[in-house]
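Student: I have a structure I would like to understand better, so I am pasting it below and will then ask my questions one at a time.
The values are calculated or read from the model by the stated rules, or taken from the named source; none is laboratory data. Please read these numbers as outputs of a predicted model, since none were measured by experiment. Here the Cβ is made from the backbone with ideal geometry for all residues, glycine too, and neighbour counts use every protein chain on show. Heads up: the accessible areas ignore ligands, DNA and RNA and are worked out on the full protein's heavy atoms, side chains in. Shrake-Rupley method; radii C 1.70, N 1.55, O 1.52, S 1.80 Å.
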Amino acid sequence: MIKKSLIVSSLLLSSIALQAQTTMCFKENHKDMITIENTRLDGGACAGNKSAKDMKSEGWMVDDIKITPTSNGSNYIYIFKKESGLQNVSEEELMDKLYKKLENEKKAKEEKAKQDLFVANSKAGEALYTSKCANCHGDKGELRAKGVSKPLNTLDHNEFQHAIKAYNNGERNSVMSILMKPYAGSMDYQDIKNVYTYLKSINSEKN
């Protein structure tokens, strides 16, 4: 609970930071430090019409000020910040948005991990299928090998698993089963899943 609270607090601060507006105003060669606060500044939101005092009255805060002496006075650079968009948002609404953001990020990571695993399984399945299966079953599993009732690319996952296991447990007795048994016997559950995933991926692309 504490960890979750810290995460939410961190996101809250980040959200507030993202809601802040920043602008830079300046005045060149100003001679009197006493009057600078009431002097119209150039650039940014000041645009030659507003002084530092005016900006503060509009809710801007001075985040930083730099003063560089010149031969004719000093150059002043003001960095103003202003929080925006938060005054009409309750803490409850903001928390709700942050929780949704966390949930969406979590789902996105899970989806990416799932997709990465699918790609990895497909690549492993491609290597296995190309070396052991394609010669009899076709490049895409589209051929119905002798003694096999359906092409591999028409089987669902359970049918695919059962078809391989059938060669190992003696359910099939034919010339084809004698040829298949060494290949089937060398494939574990993950190998079968990888080959199935590969066939599914290339036949999906085709469709």
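This table checks each residue for (1) touching a Ser or Thr at 6+ places or on another chain (Cβ under 8 Å); (2) open to solvent by 50 Å² or more (accessible area, probe 1.4 Å); (3) modelled with pLDDT under 95.
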site: LEU11; (1), (2), (3): no, no, yes
site: SER15; (1), (2), (3): no, no, yes
site: THR68; (1), (2), (3): yes, yes, yes
site: ASN88; (1), (2), (3): no, yes, yes
site: GLU93; (1), (2), (3): no, yes, yes
site: LYS101; (1), (2), (3): no, yes, yes
site: ALA108; (1), (2), (3): no, yes, yes
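Student: Filter the range 162-177 down to the residues that are within 17 Å of ARG144 (Cα to Cα) and surrounded by 11 or more Cβ atoms within 10 Å (Cβ to Cβ) and list them by number.
Tutor: Of everything in the range 162-177, those that are within 17 Å of ARG144 (Cα to Cα) and surrounded by 11 or more Cβ atoms within 10 Å (Cβ to Cβ) turn out to be HIS162, ALA163, ILE164, ALA166, TYR167, ARG172, SER174, MET176, SER177.
Student: Sticking with this structure for a sec: Counting only residues that are of a type in the set (Val, Ile, Thr) and more than 17 Å from LYS132 (Cβ to Cβ), how many does the range 159-187 have?
Tutor: Residues flagged as of a type in the set (Val, Ile, Thr) and more than 17 Å from LYS132 (Cβ to Cβ) within the range 159-187 amount to 1.
Student: A further question on this structure: Quick check: is even one residue across the range 185-199 open to solvent by less than 80 Å² (accessible area, probe 1.4 Å), farther than 18 Å from LEU143 by Cβ, under 35 Å from the mean Cα position of the chain (by Cα) and aliphatic (A, V, I, L, M)?
Tutor: Scanning the range 185-199 turns up at least one residue that is open to solvent by less than 80 Å² (accessible area, probe 1.4 Å), farther than 18 Å from LEU143 by Cβ, under 35 Å from the mean Cα position of the chain (by Cα) and aliphatic (A, V, I, L, M).
Student: In the range 125-141, which residues are in contact with a Ser or Thr (Cβ under 9 Å, 6 or more places away or on another chain) and either outside any helix (DSSP H, G or I) or surrounded by fewer than 16 Cβ atoms within 10 Å (Cβ to Cβ) (or both)?
Tutor: Within the range 125-141, ASP139, GLY141 meet the criteria.
Student: Out of the range 22-51, which residues are on the phi < 0 side of the Ramachandran plot, open to solvent by less than 80 Å² (accessible area, probe 1.4 Å) and under 42 Å from the mean Cα position of the chain (by Cα)?
Tutor: THR23, CYS25, PHE26, ASP42, ALA45, CYS46
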